[in-house]
Amino acid sequence: MRKVFTFATLILCIESSLVASSDMSKFLRPIEVPYPQNNVPTLERVELGKLLFFDVRLSKNNDISCATCHNPKAGWQDSMPLAVGDEGAIGSRNTPGILNAAYQHHQFWDGRVKTLEEQALGPIQSNVEMNLSLDEALSRLNSIQGYVELFDKAYPNEGITKDTLAKALASFERTIISSDAPFDKYIKGDKNSITPEALEGWKIFSSDKGKCLNCHDGFNYTDGSFHNIGLNTDDTGRFNVKERDAWFGTFKTPTLRDVTKTAPYFHNGSIYDLFSATDVCAKGGENHNVRNYSTAMHKLNLTKKEIEFLVEFMKALESPDIDIKIPTVFPQ
């Protein structure tokens, strides 16, 4: 069972000419932030998780933290085509941003785990990321009296274990959520919050002309599903998790919130600007003949100006940077 921080009902409408339905509440981020019953968020848990997120001592050579790849000043991403880890090791995929990951039902590009708790420990152990065994990570933390005390406050009588480490990191990650972007303000009634070009982009985005809602629907502008969008890549994606034909070459649909901050794009980091990434999707991908090509993809007849309008709309999904004080002093 999932619980939430608070409860609210969001029922807001705008002109019916913009979309078939006048109810636009589904495009506003819910106030409620889901969390598992065994990891109720508290200030102590969030603060502990933040320290751990920025602490390089969770890496083999004490030089990489979670924030190295998930930099709050770079859209919680790293601006690199492929992730770079321990001793310059190059990963096989682009680092995904983690904004609103609390609302996702699958983590990683291939969705191999469901919860933030399950996700949190993966990068620490990965030999192309932080490259530290869990046993060594726990040994280091248990040798630091400051962390022993903080874990005891956050998770009384549970100690420093792989479970409490994962829970603390996940508790902090659940605070990395979007605030009102210009388009959110537009939905709430501020008709001057977006440009006319962005509004034209929304009309294309939400209509059969753009078909963007096929994959990028709802407040997070993602269907939470997996698609093979016809990129020229040898990565078989979710098929690696379990060999199902329907998963061959598929990757999780990324959120479009703050997409302006998270270039380069796609799982392979192959596209460096938002116009080109949008153009690739508008053309139905790079290769329409790939195995298991998504039925949600279509070759569209969009002009350069129409793609520019779509980009202007996506710019209206950018919210202010999260006001976070990055730790500079860590437990000893």
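The values are calculated or read from the model by the stated rules, or taken from the named source; none is laboratory data. Quick caveat, the model's predicted, so the values are computed rather than measured. Please note: Cβ atoms are built from the backbone with ideal geometry, for glycine as well, and neighbour counts cover all protein chains shown.
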Residue satisfying all of: in the stretch 74-102; out of contact with any Asp or Glu (no Cβ under 8 Å at 6 or more places or on another chain) and closer than 24 Å to residue 246 by Cβ; modelled with the highest pLDDT among these = 94
Looking at the stretch 178-207, which of its residues are of a type in the set (A, V, I, L, M) and crowded, with 20+ Cβ neighbours inside 10 Å?
-> 181, 187, 194, 198, 204
Residues located in the stretch 27-47, provided they are modelled with pLDDT under 95 and of a type in the set (D, E, K, R) = 32
Just one of (1) within 30 Å of residue 31 (Cβ to Cβ); (2) in a helix (DSSP H, G or I) trips up residue 99, so point out which.
-> (2)
If you go through the stretch 251-278, how many residues are surrounded by 18 or more Cβ atoms within 10 Å (Cβ to Cβ), in a helix (DSSP H, G or I) and touching a helix residue (DSSP H, G or I) at 6+ places or on another chain (Cβ under 6 Å)?
-> 3
Is the stretch 241-250 home to any residue that is of a type in the set (Asp, Glu), closer than 30 Å to residue 92 by Cβ and assigned to a helix (DSSP H, G or I)?
-> yes
Residues (closer than 30 Å to residue 43 by Cα, touching a residue at least 60 places away in the same chain (Cβ under 8 Å) and more than 25 Å from the chain's Cα centre (by Cα)) located in the stretch 152-203 | 153, 154, 155
Consider residue 117 carefully, then state whether it is at pLDDT 95 or above, within 27 Å of residue 256 (Cβ to Cβ) and in a helix (DSSP H, G or I).
-> yes
Would you check if residue 294 is modelled with pLDDT of 95 or more, assigned by TED's automatic domain parsing to the domain that holds residue 215 and either touching an Asp or Glu at 6+ places or on another chain (Cβ under 8 Å) or under 29 Å from residue 72 (Cβ atoms) (or both)?
-> no
Would you be able to tell me the number of residues in the stretch 52-83 that are among the basic types (Lys, Arg) and part of a loop (DSSP other than H, G, I, E, B)?
-> 1
Scanning the stretch 102-114 for residues that are under 13 Å from the mean Cα position of the chain (by Cα) and not in a loop (DSSP other than H, G, I, E, B), the one surrounded by the most Cβ atoms within 10 Å (Cβ to Cβ) turns out to be 107
Qualifying positions in the stretch 60-75 - closer than 26 Å to residue 138 by Cβ and either surrounded by fewer than 17 Cβ atoms within 10 Å (Cβ to Cβ) or in contact with a Gly (Cβ under 7 Å, 6 or more places away or on another chain) (or both) = 61, 62, 63, 64
